[in-house]
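Below is one structure; the comments refer to it alone.
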Amino acid sequence: MSVNKSIIVKNITKKSLMPSSDGAKVLEAFILLIKNKAKSGTIKVSNFGSFSFKETPKRFGRNPKTKDSYIIPKLNKLNFKPSKKIKEKIN
């Protein structure tokens, strides 16, 4: 199942009885907070999980169609690790 921002905003506004424009602002503020704070360290959200940036090293890649090799530069990726309670609900 795919979930996008509009579905999350609908759920926020339905549960909190606020206008959808305010729900969108809440979601954007949360995402911005996670992006900014995770750069300096790990962000832990109780009973949900933790967010952190993980640096992937520079590596070689290959186009399977043309067999051309190229270098994939190092990247910073936002990593999410779910809490034990979330893992228990999923499994």
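Every number in this text was worked out from the coordinates using simple rules, so none of it is lab data. None of these values were measured; they are calculated from a predicted model. As a convention, Cβ positions derive from the backbone with ideal geometry for all residues, glycine included, and neighbour counts pool all protein chains shown.
Annotations for the structure displayed:
- Members of Lys5/Lys58; Lys58/Lys81; Lys5/Lys85 lying beyond 27 Å, as alpha-carbon distances in this model show: Lys5/Lys58
- Taking a sphere under 12 Å around the Cβ of Met18 and counting the other residues whose Cβ falls inside, with K and R at +1 and D and E at -1, yields a net charge of +3.
- Seen against the Cα atoms of the chain and their longest principal axis, helix 20-38 is set at about 40 degrees.
- Only the Cβ atoms of Lys and Arg (+1) and of Asp and Glu (-1) were treated as charged; on that basis the dipole of the chain about its Cα centre amounts to roughly 340 debye.
- Within the set [x] 31, 12, 11; [y] 44, 9, 8; [z] 33, 18, 15, the number that semi-axes √(5λ) of the Cα gyration tensor in Å takes when calculated for this structure is listed as [z].
- Under the combined filter of DSSP loop state and at most 14 neighbouring Cβ atoms within 10 Å, region 17-47 retains these trypsin sites (Lys or Arg not before Pro): Lys39.
- Global geometry of region 1-40, whether rounded, prolate or oblate, following the gyration tensor of its Cα atoms and the 1.5 cut on a/c: oblate
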